[in-house]
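What follows draws every value from the coordinates through simple rules; no lab data is involved. Computed from a prediction, not measured in an experiment: that's the story for all the values here. Don't worry about glycine lacking a Cβ; one is built from the backbone with ideal geometry, like all the others, and counts go over all protein chains shown.
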Amino acid sequence: MALFAAMNDMILVFNGEGVCQKVAPTKFNHDRFTANHAQNSYSLADFVNPDQVDEYLATIRTVLSSQQTTTIEYAFNSARLLLGESQALNPSETTPSTRWFSANISPLSQDLVIWVARDITASKEAEVALREEKARSEQLLLNILPAPIAQRLKNQTHTIADSFDNVTVIFADLVNFTQLSTELSSTELVEILNTIFSEFDYLAARHGLEKIKTIGDAYMAVAGLPNLCDDHAARVARMSLDLLDYVDQFNAETGQNFALRIGLNTGPVVAGVIGVTKFGYDLWGDTVNVASRMESQGQAGQIQVTQATYEHLRHEFHLEPRGEIAVKGKGNMHTYWLRRSPGE
């Protein structure tokens, strides 16, 4: 009896009909069952949730027929363990809660099984907490990296660098944001920038672009990587037009006077993950540099595109020649203004 009294397991004996024949005097059982309640008036339904009764009754019968031990794990509302003739709850457990148990069900004879269940709630809660923390960590990773790159980063330790033959890069800059920064508090500036760039993020996802980064008041994204697509230039063009519309809408709603300057270029890039701490997914190559020049040498409220991007868009969108401009490191380049697609 002293041995049983020290045990913190739930030990029960059931027959093949699920009627409890014995409640062992363990510490667990003593804390939960009323002494004046007839032991054989308990049934399996008192120890598992109602929707589990048939399943575990079948398990008991399988153990009896096979004479082999089996192990199950199950969740149960612990308040239902506190049944007695008075229906009174143990003062130490007045609030119903779900507990997890691991039970070994072993044959005791041809007609009886012994059910030894241990409370494993603490370990289950630790598992849940670990899964939730892992999910949070993975979500943070996905906020930094494209999903395919995040998966590769988890599976390999060497440098991730890929070449892409044909993508379209966009730079978008709030041209008068610097001036506004002298008129507003830092908190107001960050709130405005967050509102605008959050909408940019939404539009990037909507049009199938991959956001690369923000640089101060500039926004950089790309289409055509890491997942390849043939319509990368058209995706970026449609997003660019939506960006202009959104900034106009934002100004109308807030009384601000922002203007957006956008530059696009199409061509090959190298993309990869750099750094060990605070790493990020970035792009390199002449295509990126020229896209940045298209933005910086553009005009407020306009979308400037290179000849390479023009060739991808000319059958689907309306573009007007700007003429030649001198581009640092490239010499003179023919560029175009993206207007609207025909019919808009």
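Evaluated with a Cβ-only charge set (Lys, Arg +1; Asp, Glu -1), the stretch 145-338 carries a dipole of roughly 580 debye about its Cα centre, given to the nearest 20.
Phi angles across the stretch 142-155 convert, under the Karplus curve 6.51 cos²θ - 1.76 cosθ + 1.60 with θ = phi - 60°, into 3J(HN,Hα) values of 5, 6, 9, 10, x, 3, x, 6, 4, 5, 5, 5, 6, 9 Hz, Gly and Pro given as x.
Using the Cβ-Cβ distance between ASN251 and ALA129 with R0 = 56 Å, the FRET efficiency computed as 1/(1 + (r/R0)^6) comes to roughly 0.75.
Based on alpha-carbon atoms, the Kirkwood radius and the radius of gyration of the stretch 145-338 give Rg/Rh equal to 0.97.
Label-to-label distance, LEU153 versus GLN307, with points set 7 angstrom from Cα along the beta-carbon direction: 3.8 nm. The H on the amide N of ASN265, modeled in the peptide plane, is under 5 Å from the matching H of VAL169, each at least 5 residues off or on a different chain. Among the trypsin sites (Lys or Arg not before Pro) in the stretch 222-286, those placed in a DSSP loop whose Cβ has at most 10 other Cβ atoms within 10 Å are LYS278.
Residue separation of ILE215 and THR62 scaled by 0.36 nm, minus their Cα-Cα distance, works out to 48.5 nm of gained length. Scanning residues 5 or more positions from VAL327 or on other chains, those with amide H under 5 Å from its amide H are ASN332, MET333, with H placed 1.01 Å from N in the peptide plane.
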